[in-house]
Structures are given as C-alpha cells and as structure tokens.
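Each value in this text was obtained by applying a stated rule to the coordinates, not by laboratory testing. Bear in mind the structure is a predicted one, so any value in this text is a computation, not a measurement. Every residue, glycine among them, receives a Cβ derived from its backbone with ideal geometry; neighbour counts consider all protein chains shown.
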Amino acid sequence: MRYSSIADAYERIEATTKRLEMTDYLVEILKETPTSLIDKVVYLTQGKLYPDFFGIEIGIAEKLAVRAVARAAGHREKDIEEDMQKTGDLGETTQKFMEKKTQSTFFSTPLTVQRVYETLDKTANSTGSGSVDMKLSMLAGLLSDASPSEAKYIVRTVTGSLRLGIADMTVLDALAVAFGGGKETREELERAYNISSDLGRVAKLVAEEGIERIKQFEVLPGEPIRPMLAERLSSSAEILEKLGGKCRAEYKYDGERIQAHKKNNDVILFSRRLENITDQYPDGVEYIQKHVMAKEAIVEAEAVAVDPQTGEMKPFQELMHRRRKYGIQEAMKEHPITLFMFEALYVDGKDLTLQPYPVRHEYLKKIIEKTDNVKVAESIIAENPEELEQFFEKTVDDGSEGIMCKSMNQDSVYQAGARGWLWIKYKRDYKSEITDTVDLVVVGAFYGRGKRAGTYGAYLLAAYNPDTDTFESVTKVGTGFTDADLEKLPKLLDSHKISHKHPRVDSTLEMDVWFEPKVVIEIRGADITLSPIHTCAMNIIREGSGVAIRFPRFTGKYRVDKSAEDATTTQELVEMYRGQLKKIDG
C-alpha cells in the first residue's frame, strides 16, 4: 500500500470542518487498507506506532527533524527554521521546501506504508551511542523518497504534531461502518477498545474476523482497561435518590489512581491515562506482589503519599517527587505511599467488569491481604442522607477529598472508559457555589493587548459532550494566570494550533486562534448561568440558551493527567446548575 494514499486522506481530513466528512474519509482509507496493515494505519493515524501503554515514542526532537529536512531538501537549516517561525508548523514548512528541493534523488522508489512504519519503528527503538546520527539518516532517507505532501505528514508524525484531531471515537465510528456493518455496531467495538486500550488490535481483529469475533473480546492482564469515571452531585439526598436509595460510599483519596496488573510475580502499574508508571512505584510493585492473593489480577487503587512520622495522608502534590527517572529510592524513603484498593476487575481468569459492583467488591476483599501499606478503601453502606453526610464529614476530617458513592444495583457493571451515574463524586468543593472547580478544554484564544501583547489575552474553554463527541464552549478565561503561566500555556498549545475551528468544537464565537481540543486546565467560577452565546447544553435547560461559567479564574492547575475526553461534561454542568437552583429555592 502506497503511503501517498494515507497522505491524501490526511489532506482531506485536515481540510474539512465537518465531523461526518472526517469520518467518511477515514472509512475510505480503512477500506482501502490491506488487513495485514490495518493496525499500523490506525496507529499512524493516531500519530503513534503502538498503543500508549507500550511507552514507545518516536522521539525525534524538532531540531533533529529540521536537520533531516535540510538534508533531504538541500537547503540550509537556518532557512527552514526562519520559515517555520512564520508558519508555526514544521510540516507545512517541510512541504514548501520539498516542493523546491535542490537535490534530485536517483533510484528513489515510492514510499509504502510498511516502509514508513518500519523506518519510524527503527527510529523509535534506536538508542545509545550513535543513535542520533542513525535517526537523522533514517528520517532524511524517508523524506528524500517522499512527495512534498508525504513529507509534511511524516515530519508531523515524528515530531508528535499530526494535527488531524481524529479522536478514538471517530476511529471506532469509521471501523463500525467499514467492517462492522454500520454505526450500530460501534458499541461492541468500543467495549473491546475500552477493555484493551489498543485501537490497532481492535481494528485488525474486526477487519480480519468480523464483528462476531469482537463480541468475544476478553480482558487480559497486561492490557490496561480504560478507567470508569464518575458524575458529580452536591447533596447526599440527591445522590441517594439517583442511586436508588442505597449505595456504598468510599473515601475519595487525594492520590494517584493506579491500575495494577499482576501475572504470577510480574506486576505492571498504569496511571489514570494508562501510562506505564511501574518504575515510579517500586514499593507499590512489591505491595502488589506480596499482598494481592491471586496468581493473576487486575485491581485499581489510589496511591496516597503518607507522612512516615505521623501516618497522616499528604496531598497529591507530594507524589510529584515520584515522577523522575533517577533517585527513586530516595523518593520512596521521603515520600512513602499506601495503596488504598477500590476495584477488582479481573481475578484468576474471571472478567469482573460485567459483574455488579457488590460482586466485584467481595472479590476485592477476598484477594487483598491488609497491611499498613495495603488497605481496602474505607467505606460504608448508606441508606439515608444523614448517614451519608456524617461519613462525608468524617472523610474530610481525615484529609480525603470527599467520597465516591457507588451503585449496588444489578446493573452496576464497570463502565470502562465511560462516565455515568453508577459512580457519583461528592467532594468538599461542591459544598459551596463559589468554590466549585471544573476541568475544561482550551479550544481557542484571543490575542492579548497592552501588557499581554505578543501572547494570548484570553482563552475559550469547552466542556465535553460524550453523546455527540464534541466540545461545547462554556466560558472565556483571562484571569488567574501568572507571568509564568502566560509563557507556559502558549508553548503547551503551540503544537495543537490549527487554521480553523476544529470539527469537534461547537462554538458560535470567532476566535483569533483555534486549537485542536487537547489541553485541559482547572477553572474556578463564581456560578453557572444561562447564556445565549455559549453552546454548552444549548436548549437543554431553556430554549435558545446554553450554560456558561461566570467570573472564571484559572486555579494554576494543568490537568496533564486528563485527556480532553476526561474533562467536565455538559451533563455535569447541567446538574451543577440545577443544584444551584435547588439551593436558592430552598
């Protein structure tokens, strides 16, 4: 298969402002792809070579990519860098210079998908002495044989800025149409992806064996399950009403969510974003090996920093000391952890994700050997608001964030990769209208004036609507940013800058700059109000109005642990708005 086929599809996808067209173009290229290559094409379209949990990145720095372009095009690095300053996109600059390259390549052969993938794979796995020169040589060799359009997307891929904005759900829609018989089969494909986190493997299986095989997809230790997420409410009575009058309420610890996979004595730890963080927690690995009493298991826990002198829980920020390549042993001594277990998803060959929560909880209690460093999350079964409120106050006094309330009904399965009303968060922030925090996605910006000239003055933020897989505008924020933030945030957003409003962004506003929805930041607002301007929850509460956050302020917290799809949802904001009205009416 020619790589030009993919590059042509990328051109069409990048040019469209319509999500349905984006999906249609993706369906076309997937149908054209041989089944032996389908996984590779899916990974490349995601801008990667393997699922994220493999931890393998292509690893080409922008400066090295500039050198490779210069070598392939026969131009000076300085000229390429100067043009890139104007375009803001090395891919676009590469295309321009390859169109006027001064060197002709003899015996060049058209690029195939196989060759591009294998070369990038060798590049990613090249380490040690001489690896930089080897990467430069391999990349320059690819670019020399590439058309200008192919070179553009190869360079964007290796530098981690493909800019297509294709979400996992868009790929699943396309797979359902291309190989599943229609979008109605998306649900089966989505479950397979949610319990494996490997879109390429799902694509190859459905392309080769069809949708019936996908229905038999199973949980496997070593393949992370996309985490289940919670909704939020602001009163004990509302929570119990939503959960059928009864729930199990657990401490919501202020730590790092970890998914541990055990197979005999081998243990892998994954973060909330499914990154392999095993090396950061060698003590956690040992705890799982010794105190999870099963040969094979997948369990979830909150890793909480604990004061070794007092035994008191410390805030999440203390765990930042664990995010290092060196000095982990010292960090372990200075910042020890306790694992508070709260979910059992797989035990000795049994997939528990489709079992009701009470069954999963019983399995968890059976396999966890409790110690000072390994505990099952403290919890109670609550059947009245007073009992739940007392437990909530106790958790806050103990230093937790609040409570997680879980359904105990027969339908209380583990909704991998989804947010629903089977889990409901009740945090101390939600006790007050003016201290709520929400996690929103940066989708656009206005240029700054005065002191902020040369940077951005305000950002357009959006909430995520999982029903439509879109990001709906909810507020503009320009306060709360320090000078360091004003320098840092544009750099974070630079690789996500695009020339038009992204197809998945729903906004009526005209912005100076648009971004693909990637960066999530935490905002605190005065309250939520109806708005005829913002599209979040448009027409849900009142015809012709959406909801907006008044007087938003950046808290200083970059939610690097969250993907855009993990941001606060439209429905959460609707519930928060209605919760405010109840307080006012009361």
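Table for the structure above
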item	result
Rounded tilt (10° steps) of 357-367 against the dominant C-alpha axis of the chain	90
GluC sites (Glu not before Pro) within region 351-429, DSSP loop, no more than 12 other Cβ atoms inside 10 Å	Glu369, Glu383
Within straight-line cross-link reach of Lys491, aspartates and glutamates at Cα separation under 16 Å, skipping those fewer than 8 residues along the same chain	Glu62, Asp89, Asp483, Glu516
Gyration tensor verdict on the chain (Cα atoms; rounded if a/c is under 1.5, prolate if a/b is larger than b/c, oblate otherwise)	prolate
Given Lys497/Lys518; Lys48/Lys263; Lys100/Lys497, the pairs whose alpha carbons are separated by over 21 Å	Lys48/Lys263; Lys100/Lys497
Peptides 122-132, 553-563 ordered by average Cβ neighbours within 10 Å, highest first	553-563, 122-132
Local net charge near Thr127, Cβ-Cβ under 15 Å (Lys/Arg +1, Asp/Glu -1)	0
Region 433-585: Cα Rg divided by the 2.2 N^0.38 Å rule of thumb	0.99
Simple Cβ-charge dipole of the chain, Lys/Arg +1 and Asp/Glu -1, about Cα centre, in debye nearest 20	1140
Size-normalised alpha-carbon gyration radius of region 233-295, reference 2.2 N^0.38 Å	1.56
Helix-only mean residue ellipticity at 222 nm for the chain, each DSSP H run of n ≥ 4 adding -39500 (n - 2.57), per residue, nearest 500	-11000 deg cm²/dmol
Across Lys215/Lys350; Lys40/Lys488; Lys246/Lys365; Lys366/Lys427; Lys476/Lys557, pairs whose alpha-carbon gap is larger than 22 Å	Lys40/Lys488; Lys366/Lys427
Descending semi-axes in whole angstrom, ellipsoid equivalent of region 184-268, from the Cα gyration tensor	32, 20, 10
Proxy reagent accessibility, fewest Cβ within 10 Å first, across Thr479, Thr529	Thr479, Thr529
Cα-based shape type of region 267-400, given that a ≥ b ≥ c are square roots of the gyration tensor eigenvalues and the cut on a/c is 1.5	oblate
Those chymotrypsin sites (Phe, Trp or Tyr not before Pro) in region 325-407 that DSSP places in a loop and that have at most 15 other beta carbons within 10 Å	Tyr326
Farthest toward positive dipole pole in region 229-431 [+1 Lys/Arg, -1 Asp/Glu at C-beta], among Thr278, Met332, Ala230	Thr278
